[in-house]
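Encoded as structure tokens, the structure appears first; notes follow it.
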Protein chains: 2
Amino acid sequence: MSSPLVLYSYWRSSAAFRVRIALNLKGLAYELRTVNLVAGEGEQHHADYRRLNPQGLVPTLLDGERVFRQSLAIIEYLDEAYDGETKLLPPVARDRARVRAIALGIACDMHPLGNQRVLKYLDREFAVPEVERQRWMQHWIGSGFEALETTLAEHPSTGSFCEADRPTLADCCLVPQVFSAQRWGVDLAPFPTVRRIHAACMALEAFRRAAPDAQPDAPRG
Amino acid sequence: MSSPLVLYSYWRSSAAFRVRIALNLKGLAYELRTVNLVAGEGEQHHADYRRLNPQGLVPTLLDGERVFRQSLAIIEYLDEAYDGETKLLPPVARDRARVRAIALGIACDMHPLGNQRVLKYLDREFAVPEVERQRWMQHWIGSGFEALETTLAEHPSTGSFCEADRPTLADCCLVPQVFSAQRWGVDLAPFPTVRRIHAACMALEAFRRAAPDAQPDAPRG
């Protein structure tokens, strides 16, 4: 039986990576449709894709006829609509709030500043040279991880993963942000808890199978 | 009886404004503690506040001893923990996903690029002149509202408010973003649905009482 779930994804998009992890953790089969963000002016701007996603951003999820946008909203939807064994949000409201706050600290305060369209603006409009764009990335990722490290290290409910001993929405966000940090040459040495949780995640097949290099649209060789 | 809820807020912070709206819509009393983001290097960086909020961002909510961070996570928590008559998230999963996607489109893809710390970086590190910083703001707010206008105008479940005929989390985000747009001189004429919903919200006392100018820490006169 074919799955009703279709994911529009790009191999290096952190936001798509989050949703791929969630789908895998929940054991949900899906059809992958790739959107090449860097070919020409980007397939995300084609009229057909804009109809699905007026922001021209990946990911977009289809569940049958229904269209879902924004990675965190998609993951919460999957968790609510597809119950299953694995829950990505904890059962208690105050723990859910903590998981969401970690996810949002990454999704609002770290990731958007390194979005491709932002770097393009810095380059084209402000003529910011590449070395300065790299420093910009390192600044926002570094200061974000500094706060996240404190949040994780000081809180008693941090376990093998961000919240207790099972992966949640927070881990779905942490791992792609670590990939991005590595890509931009951010020194992760000062963030031992972040590194430990990242390693625990990457020991799981659900995370490895969602990784950029494991995607069919990743460059080969 | 005194409320267990304490909100750390700054009058002009969009993120704090969202939570003030939510508290008012739910009819929850709270103690307001102001954090001056612009005095000196900013009270948000004081050690005492950093202990509550390692990111050094407002808002922070206390519920008794418990600390909550990130405006969207705080609003979802209030909606779950304080049931009451007014629900800020709709009862059906696919509608909740739509409300969250609208909120996240603002909170992730518009607001963070205009955060004070980002504008400060553009000024101090890249020496971007004020007129260019204003163009930066107008670009991100304008393109964000363009996508939001399409999303709202085309969807059958848009009503008097973003989702049907009662304010939700999405409206808690839309209104502060319109305030920010006005502050930065963004032309809102091309966004009639955004303007219509903003007007419907501002007809409600819960929104008016949460507005920047109505705050005790707003400059007088």
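The values are calculated or read from the model by the stated rules, or taken from the named source; none is laboratory data. Note that the structure is a prediction, hence the values are computed from the model and not measured. So basically every Cβ, Gly included, is an ideal-geometry build from the backbone, and we count neighbours across all protein chains shown.
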Take region B:32-61 and flag every residue that is away from chain A (no Cβ under 12 Å) and assigned to a strand (DSSP E or B). B:L32, B:R33, B:T34
The condition of being facing another protein chain (nearest Cβ under 8 Å), closer than 24 Å to B:V19 by Cα and among the basic types (K, R) holds, among A:R135, A:R94, only for A:R94
If we keep only residues of region A:127-139 that are outside any helix (DSSP H, G or I) and aliphatic (A, V, I, L, M), then the residue surrounded by the fewest Cβ atoms within 10 Å (Cβ to Cβ) is A:A127
Residue, surrounded by the fewest Cβ atoms within 10 Å (Cβ to Cβ), within region A:30-50, restricted to residues that are without any contact (Cβ under 8 Å) to a residue 12 or more places away in the chain and in contact with a helix residue (DSSP H, G or I) (Cβ under 9 Å, 6 or more places away or on another chain): A:R50
Would you pick out the residues in region A:180-221 that are under 14 Å from the mean Cα position of the chain (by Cα), more than 21 Å from A:A101 (Cβ to Cβ) and surrounded by 17 or more Cβ atoms within 10 Å (Cβ to Cβ)? A:A206, A:F207, A:A210, A:A211, A:P212
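For region A:62-81, name all the residues that are in a loop (DSSP other than H, G, I, E, B) and buried (at least 24 other Cβ atoms within 10 Å of the Cβ). Can you show your working first?
Our first condition is that a residue be in a loop (DSSP other than H, G, I, E, B); within region A:62-81, this holds for A:64-65, A:70.
Passing the criteria: only A:Q70.
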Look through region A:164-179, keep the residues that are surrounded by fewer than 24 Cβ atoms within 10 Å (Cβ to Cβ) and of a type outside the set (A, V, I, L, M, F, W, C), and return whichever of them is nearest to the other protein chains (Cβ to nearest Cβ). A:R166
Residues within region B:138-147 that are under 22 Å from B:A16 (Cα atoms) and either within 8 Å of chain A (Cβ to nearest Cβ) or among the hydroxyl-bearing types (S, T, Y) (or both), tallied: 1
Give just the number: which of (1) under 14 Å from the mean Cα position of the chain (by Cα); (2) part of a loop (DSSP other than H, G, I, E, B) does A:V175 not satisfy? (2)
So, in region B:103-126, exactly how many residues are outside any helix (DSSP H, G or I), without any contact (Cβ under 8 Å) to a residue 60 or more places away in the chain and either touching a Phe, Trp or Tyr at 6+ places or on another chain (Cβ under 7 Å) or more than 9 Å from chain A (Cβ to nearest Cβ) (or both)? 1
Mind checking which pairs have a first residue in region A:149-174 that is outside the structural domain of A:S13 (by TED's automatic domain parsing) and closer than 18 Å to B:R69 by Cβ and a second that is in a loop (DSSP other than H, G, I, E, B) and β-branched (V, I, T), Cβ under 9 Å, 6 or more apart or different chains? A:C162/A:T168
Of the residues in region B:203-221, how many are hydrophobic (A, V, I, L, M, F, W, C), without any contact (Cβ under 8 Å) to a residue 24 or more places away in the chain and not assigned by TED's automatic domain parsing to the domain that holds B:P167? 1
Please verify whether A:L28 is in a strand (DSSP E or B) and either away from every other protein chain (no Cβ under 12 Å) or closer than 30 Å to B:Y82 by Cα (or both), treating the condition exactly as stated. no
Residues being more than 9 Å from chain A (Cβ to nearest Cβ) and under 27 Å from B:R166 (Cβ atoms): count how many of those fall in region B:62-77. 1
Would you call B:E125 on the phi < 0 side of the Ramachandran plot and not assigned by TED's automatic domain parsing to the domain that holds B:R195? no
From B:R94, B:R98, grab the single residue that is in a helix (DSSP H, G or I), at pLDDT 95 or above, within 19 Å of the chain's Cα centre (by Cα) and charged (D, E, K, R). B:R98
From the option list B:G159, B:G144, B:G84, single residue qualifying as closer than 21 Å to A:P54 by Cβ and surrounded by fewer than 15 Cβ atoms within 10 Å (Cβ to Cβ) is B:G159
